[in-house]
Amino acid sequence: MKTTTQILLGAALLTFSACSGAGEPSVTLASSGPITAGEVRAMTAPEPGAPPAEYKERRVTLRLLGTQGEGALASATLADTATWHTRTYKLGESVGRNLRLAAIGESEIELVGGEVPVRKVRAGEDVQLRLIEHEFDTAAVDKGEHQWTVRAAAMARLLTRYGVGATATPIEFAGLAGVKLGPVQPGSALGRLGFQLGDLLFEVGGQPATPASLEALAALAAETTQSRSQVVTVKLGRGGALFERAYVVE
Amino acid sequence: MRAPRTRRRLRRHDLRAALTAAGLSLLVAATADAADPQKLAGIGDSISQGFSANNWPGDHPSYAFGQGTDAGVNSLYLRYKAKFPALTKEFVTVSGAEMVGGSNSAAAQAARICAQGSRPNRVVIELGGNDVCNRDSGTAADAASGLYSVTTYRNGLKAALDLLGGCLPSGSQVLVLSMPRVDYLYEAGNAKSSFLCNAVWSLAGVCTVVTSETSATRRRQIGARVDAYNDGLRTEVAAAESRYTGKVHFITDWQGPLTSSPNTSVGAYKFSAADINTVDCFHPHKDTGQKKLACDAWEASEYGNLANIGSTCLR
């Protein structure tokens with residue numbers, strides 16, 4: 001078991017450690033209060049102009065599944081052991097808003113964050129982390145099985161700041177009329193809703209998709225006047241497969 | 001090397017007879033042995049969802065090799081149910097799922113199985129295609145450099161196997177199918193209709209890492225990575241079998257790549273134009289590809305014989 005290292009950051013106490021075996025993190029993270037201005041200043045990827053109140057912390061245990069690629073193309077794949085949702089991060093990319101993937105080696109990564117020194121994690125190891133996320137990061141959350149939850153208020157602010165983020169052109173696939181998405185801007189409404197370049201959209205909210213459907217979808221996801229949550233379904237195609245995605249807008 | 005499955009079953013039956021004769025039936029019940037199939041679950045992607053298996057776009061699970069109810073496909077579920085009529089099924093398969101990535105990974109699906117009110121004692125896993133097809137093209141030197149490393153792939157599977165090993169009832173069995181060579185699927189599509197299939201692939205973005213790759217050498221680099229994934233899959237299955245010995249059996253159909261063990265598993269099978277559908281030229285058709293997968297899965301199970309896969313299923 002590696003030596004435990006404790007760093008005092010303002011009002012927060014962070015403790016990192018990692019065991020050599022998967023699934024047995026030894027770290028206990030101390031509780032912390034609201035995100036402070038000092039933490040915002042120290043972030044690796046702050047939301048421009050956002051005050052501390054727009055951030056929240058989230059405790060996660062991530063497992064490094066492995067690394068791939070070399071040099072600037074290197075990446076690391078991390079799984080959240082609570083949900084087993086997995087994401088691949090490129091070298092230099094932020095993990096949350098307060099940590100950064102600083103180095104990627106063969107089966108090992110280094111995470112840095114603010115004043116926290118380098119933390120190494122080996123493939124197959126779990127590490128407990130305190131992630132700080134902006135409200136935009138959780139405006140739309142993929143729950144799996146093509147089900148998403150959307151917080152309309154946050155999505156509305158995001159839509160105002162970053163826009164729809166994509167355009168589309170009409171297509172026909174397997175006898176189905178639809179649209180094909182062009183490049184999707186990261187951090188935009190469509191980006192946060194999980195769309196990517198090349199996606200085919202056939203229906204939005206039960207209506208045949210047109211290029212104008214992208215803006216309509218973003219507006220539905222940002223609809224804050226509803227007193228109850230609503231479900232917006234889209235039929236889309238990706239990589240040849242067709243499926244229906246449901247957004248529960250709250 | 002493990003003894004063939006038929007001989008292992010024979011040894012168990014001989015032992016049971018002997019111990020019963022000695023009046024030690026209680027000891028037999030306490031030893032590790034596969035419980036009869038009661039419920040079948042599945043972890044998988046669009047292949048497991050029977051995507052476009054009948055040449056109509058969309059998921060058609062009734063025509064899927066694992067959970068299908070179509071008599072022509074004669075799925076793994078129907079074959080088990082023929083022996084055990086009370087068998088039920090509850091698959092958690094999701095089109096677009098990967099072994100490693102996203103919100104429907106092997107481990108995420110395994111967790112859903114573990115959360116089922118009535119846990120299965122038979123599970124079939126079919127994943128891997130999207131792990132390759134969702135990746136970007138590699139560097140000029142190595143077409144596979146954009147793919148997950150074998151370590152990443154193995155750890156993604158390992159997480160799922162450990163979840164299942166921990167939650168499934170004693171006597172359960174988990175079958176992990178090898179993943180198909182996507183470069184062979186590309187060749188099958190070209191054989192089917194080069195013009196139409198390439199047009200569909202381009203429009204729908206089907207497995208672009210392979211379908212937009214003009215170099216056969218580079219496509220084979222990707223195929224070699226798939227072989228390495230399958231070798232790693234077999235290693236993880238064997239390791240899980242060791243970790244959970246006496247509780248859960250872990251098995252696979254993978255016996256080696258096409259170069260050494262042709263048509264002996266899904267991963268070592270060279271797909272033909274007839275095996276795939278006419279919607280996306282990539283997913284298996286119900287009358288051919290899905291039917292062959294069902295046969296492969298059955299012969300890899302405890303009631304089949306791996307030696308039959310090449311002679312009976314994949315030809």
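Readers should treat all values here as calculations from the given coordinates under stated rules, not as data from a laboratory. Here the structure is a predicted model, which is why all the values come from computation and not from measurement. Because the Cβ atoms are built from the backbone with ideal geometry, glycine has one as well, and the counts that use them run over all protein chains shown.
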Checklist line | Test item: Cα-centred dipole of chain A, Lys/Arg +1 and Asp/Glu -1 on Cβ, debye | finding: 220 debye
Margin query: Is there a quick way to get the dipole size of segment B:250-315? I mean about its Cα centre, with the Cβ of Lys and Arg at +1 and of Asp and Glu at -1; what is the value in debye to the nearest 20?
Written below: 160 debye
Notebook entry, point to check: Averaged over A:62-74, how many beta carbons belonging to a partner chain fall within 10 Å of each residue's beta carbon?
Noted result: 5
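Which entries of B:Lys89/B:Lys286; A:Lys235/B:Lys89; B:Lys81/B:Lys158; A:Lys56/A:Lys143; B:Lys89/B:Lys270 have Cα-Cα distances beyond 22 Å here?
A:Lys235/B:Lys89; B:Lys81/B:Lys158; B:Lys89/B:Lys270
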Notebook entry, point to check: Does segment A:60-204 come out rounded, prolate or oblate, given a ≥ b ≥ c as the square roots of the eigenvalues of its C-alpha gyration tensor, rounded meaning a/c under 1.5 and, failing that, prolate meaning a/b above b/c?
Noted result: prolate
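State whether the protein assembly as shown is rounded, prolate or oblate according to the following rule on the C-alpha gyration tensor (a ≥ b ≥ c being the square roots of its eigenvalues): a/c under 1.5 gives rounded; otherwise a/b larger than b/c gives prolate, and the remaining case gives oblate.
Oblate, since a/c reaches 1.5 and b/c is not below a/b.
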Notebook entry, point to check: Karplus couplings for segment B:84-100 from phi (6.51 cos²θ - 1.76 cosθ + 1.60, θ = phi - 60°), rounded to Hz, Gly and Pro as x?
Noted result: 10, x, 7, 4, 10, 9, 7, 8, 10, 5, 9, 4, x, 5, 10, 5, 9
Margin query: How much of the DSSP bridge set in the protein assembly as shown is antiparallel, in percent, rounded to the nearest 5?
Written below: 75 percent
Next item on the list: Please list the non-local residues whose amide H lies under 5 Å from the amide H of A:Asp126, H modeled 1.01 Å from N, same-chain partners needing a gap of 5 or more.
Entry: A:Cys19, A:Gly23, A:Glu24
Next item on the list: Specify the angular offset, from 0 to 90 degrees and rounded to the nearest 10, of the alpha carbon long axis of helix B:150-167 from the longest principal axis of the alpha carbons in chain B.
Entry: 30 degrees
Check: Counting DSSP beta bridges with both partners in segment B:38-313, what percentage is antiparallel, nearest 5?
Finding: 5 percent
Margin query: Test of understanding: in a Gaussian network model of chain B with alpha carbons linked when under 10 Å, which of B:Asp183, B:Asp253, B:Asp70 would top the mean-square fluctuation ranking?
Written below: B:Asp70
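Find the relative contact order for segment A:139-249 and round it to a whole percent, using C-alpha pairs within less than 8 Å whose residues are 6+ positions apart.
For segment A:139-249, the relative contact order is 29 percent.
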Notebook entry, point to check: When the Karplus curve 6.51 cos²θ - 1.76 cosθ + 1.60 is applied with θ = phi - 60°, which whole-Hz ³J(HN,Hα) does each residue of segment B:105-110 get, with x for Gly and Pro?
Noted result: 5, 4, 5, 5, 5, 4
Next item on the list: Would you tell me the mean number of C-beta atoms belonging to other protein chains that fall within 10 Å of each C-beta in A:230-240, as a whole number?
Entry: 5
Check: Using θ = phi - 60° and the Karplus curve 6.51 cos²θ - 1.76 cosθ + 1.60, what whole-Hz ³J(HN,Hα) does each residue of segment B:173-180 get, with Gly and Pro shown as x?
Finding: 9, 10, 9, 10, 7, 5, 8, x
Checklist line | By average C-beta atoms within 10 angstrom, highest first, the peptides B:107-118, B:273-284, B:151-162 | finding: B:151-162, B:273-284, B:107-118
Item checked: Per-selection metrics, chain A (Cα): Rg and Dmax in Å -> 19.9, 61
Item checked: Structure-based [θ]222 nm, chain B - -39500 (n - 2.57) summed over DSSP H runs of at least 4, per residue, nearest 500 -> -13000 deg cm²/dmol
Check: Considering segment B:38-313, what Rg and Dmax in Å follow from its alpha-carbon atoms?
Finding: 17.3, 55
Checklist line | segment B:38-313: relative contact order as a whole-number percent, Cα under 8 Å and 6+ apart | finding: 22 percent
Notebook entry, point to check: Of the residues B:Pro180, B:Pro37, B:Pro57, which exhibits the maximal mean-square fluctuation in a Gaussian network model of chain B defined by a 10 Å Cα contact cut-off?
Noted result: B:Pro57
Notebook entry, point to check: Once the piece of chain linking B:Ala224 and B:Thr139 is laid out straight, how much longer is it, given 0.36 nm per residue of separation minus the C-alpha distance between them?
Noted result: 29.0 nm
Check: What is chain A's relative contact order, in percent, from Cα pairs under 8 angstrom and six or more apart in sequence?
Finding: 14 percent
